[in-house]
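Asker: Here's a structure for you.
No value in this document is a laboratory result; all are computed from the given coordinates. All figures in this text were calculated on a predicted structure; none of them were measured in a lab. Every residue, glycine among them, receives a Cβ derived from its backbone with ideal geometry; neighbour counts consider all protein chains shown.
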Amino acid sequence: MIVDGVTMGRFRAALLIGSTIGLTACAAAFARDTQPPAAMPGADRLSTIVSEAHIRFKDVKDGANADYIPILATVPSELFAVVIATRDGKIYSAGDADYRYSIQSVSKPFTAALVMQQYGDPDILKDKIGIEPTGLPFNSKLALEIYDTRSVNPLVNAGAIASVSLVKARDEEERWQMVLANLQAFAGGAKLSLLDEVYKSEYETAWSNRGIANLLFNYERLYSDPEEALRVYTQQCSVGINTRELALMGATLANGGVNPATGKRLLDESSVPELLALMLTAGFYDESGEWAYSAGLPAKTGVGGGIVAIVPGQFAIASFSPRVNTAGNSVRAMLAIRFIAGELGVGLFGPNPE
Ligand code: DON
């Protein structure tokens, strides 16, 4: 009975994912044939729109700080920032854009990029982690049982822990330093550091992620010692970032893999579309469909309240607000980014109505 249920669930998930990919490809082809890409908005427009988004949503109080990592509950809930960083490095910001918070899962695509870059093999993520959306919460253990790839994709916790374990390093310290240096490079050479209290709070309560790491190791889908991968993954999530830096990280992907501030190539141009596809299909976990439907942009969220979305070839929109919904996605940051994407008409498949 159980086997039948699981098989049926996987069959339905495969149909859903297959049809989503088919529809996405059709929509992209249709958009290409019928609409020219939205032109890059000018400086005045970008500056106005970040302020408008900030004013429009600053009083929204929906959601609540995440508290399964106890320290996150103590971050002031009223903080709110909206930032656009263009592919040529110009920054437009409103609100608390300099406040540093833990990057959490927004780090995941950037470490996946490091793995792609280190291995120079376009199929590394596909072979060693997986690239399908789970349609399940970010910390799902069920996903490990129902998908043969186990970790499923690099943007859920399992796949992100597997990404860290794939980073080529001689020891744990070097693994951590490579992860940190990569985040810093994406942030335009900013001096980022570990938020010690966040790391302590998260590592002391990391029972769920420890379970995931051990299960992956058991299935031979983790490529380092499980506790080492867990520690470095937790350090990665505990890196402090502000919303300007986050926007610059996204602008690197908008700029085809070259950081706009330093001119350094961090990801091969040919790998950028693959990473953005993962962000579109899995960046919001079990809300990824809703996000693609309503905003039409590749993006990644973090339970600390940060989100970054990419308008390929143009700019990145980052926003931060600590109150998250039940999927772990920041309520005001989602509203702000969706509003900006809608107003500027930059959704990948054509302008999304508000
Ligand atoms: O592993 C965790 O649970 C956290 N360090 C990251 C989760 C997260 O950010 C989910 N995203 N919205």
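Asker: Can you give the helix-only mean residue ellipticity at 222 nm for the chain, where every DSSP H stretch with n ≥ 4 adds -39500 (n - 2.57) and the sum goes over all residues, rounded to the nearest 500 deg cm²/dmol?
Answerer: Estimated from H runs of four or more residues: -15000 deg cm²/dmol.
Asker: How large is the charge dipole for the stretch 265-336, taken about the Cα centre, if only the Cβ atoms of Lys, Arg (+1) and Asp, Glu (-1) carry charge, to the nearest 20 debye? Don't jump to the answer; show the numbers that get you there.
Answerer: On the way: 4 positive and 6 negative charges, 65 e Å.
Once rounded to the nearest 20, the dipole reads 300 debye.
Asker: Okay, moving on. Once you've got the GNM for the chain with C-alpha springs shorter than 10 Å, pick whichever of Pro312, Pro133, Pro76 has the biggest mean-square fluctuation.
Answerer: Sorting by GNM fluctuation, first place goes to Pro76.
Asker: In the chain, which whole DSSP H runs stretch at least 24 Å along their own axis (Cα) and average 0.5 or higher on the Kyte-Doolittle scale?
Answerer: Helices meeting the span and hydropathy rule in the chain are 2-34.
Asker: Calculate one ³J(HN,Hα) per residue across the stretch 71-76 by plugging θ = phi - 60° into the Karplus curve 6.51 cos²θ - 1.76 cosθ + 1.60, and present them in order as whole Hz with x for glycine and proline.
Answerer: 5, 5, 5, 8, 6, x
Asker: Near the amide H of Val239, under 5 Å away, which other amide H atoms are found, from residues 5 or more places off or on another chain, if H is placed in the peptide plane?
Answerer: Ile103, Gln104, Leu195
Asker: Sticking with this one: Using alpha carbons only, what's the Rg to Rh ratio of the stretch 257-341 with Rh from Kirkwood?
Answerer: Computed over Cα atoms, the ratio is 0.98.
Asker: Show the residues, 5+ positions off or on another chain, whose built amide H is closer than 5 Å to the amide H of Gly347.
Answerer: Residues meeting the criterion, in which the H sits 1.01 Å from N, are Asn352.
Asker: Still on this structure: Find the centroid of the Cα atoms in the stretch 126-167 and in the stretch 227-277, then give the distance between the two in whole Å.
Answerer: The stretch 126-167 and the stretch 227-277 have Cα centres spaced 19 Å from each other.
Asker: Putting +1 on Lys and Arg Cβ atoms and -1 on Asp and Glu Cβ atoms, find which of Asn259, Asn242, Ala229 reaches farthest to the positive end of the dipole of the stretch 176-303.
Answerer: Projecting each Cα onto the dipole axis, the largest value belongs to Asn259.
Asker: A further question follows. Taking K and R as +1 and D and E as -1, what net charge do the other residues with C-beta under 13 Å from the C-beta of Lys191 add up to?
Answerer: Overall, the nearby charge balance is 0.
Asker: Pick out which of Val60, Val308, Val167 has the largest mean-square fluctuation in a Gaussian network model of the chain, springs linking Cα atoms closer than 10 Å.
Answerer: Val60
Asker: Next question, about the same structure. Just round it to a whole percent: the fraction of Cα-Cα distances in the chain exceeding 35 Å.
Answerer: 16
Asker: Could you work out the per residue convex hull volume over the alpha carbons of the stretch 72-204, in cubic angstrom?
Answerer: 155
Asker: While we're on this one: Going by average Cβ neighbours within 10 Å, how do the peptides 169-182, 135-148 rank, with the highest at the top?
Answerer: For the peptides 169-182, 135-148, the packing ranking is 135-148, 169-182.
Asker: Among 328-334, 297-303, 69-75, what's the highest-first ranking by average C-beta atoms within 10 angstrom per residue?
Answerer: Highest-to-lowest ranking by the protection proxy: 297-303, 328-334, 69-75.
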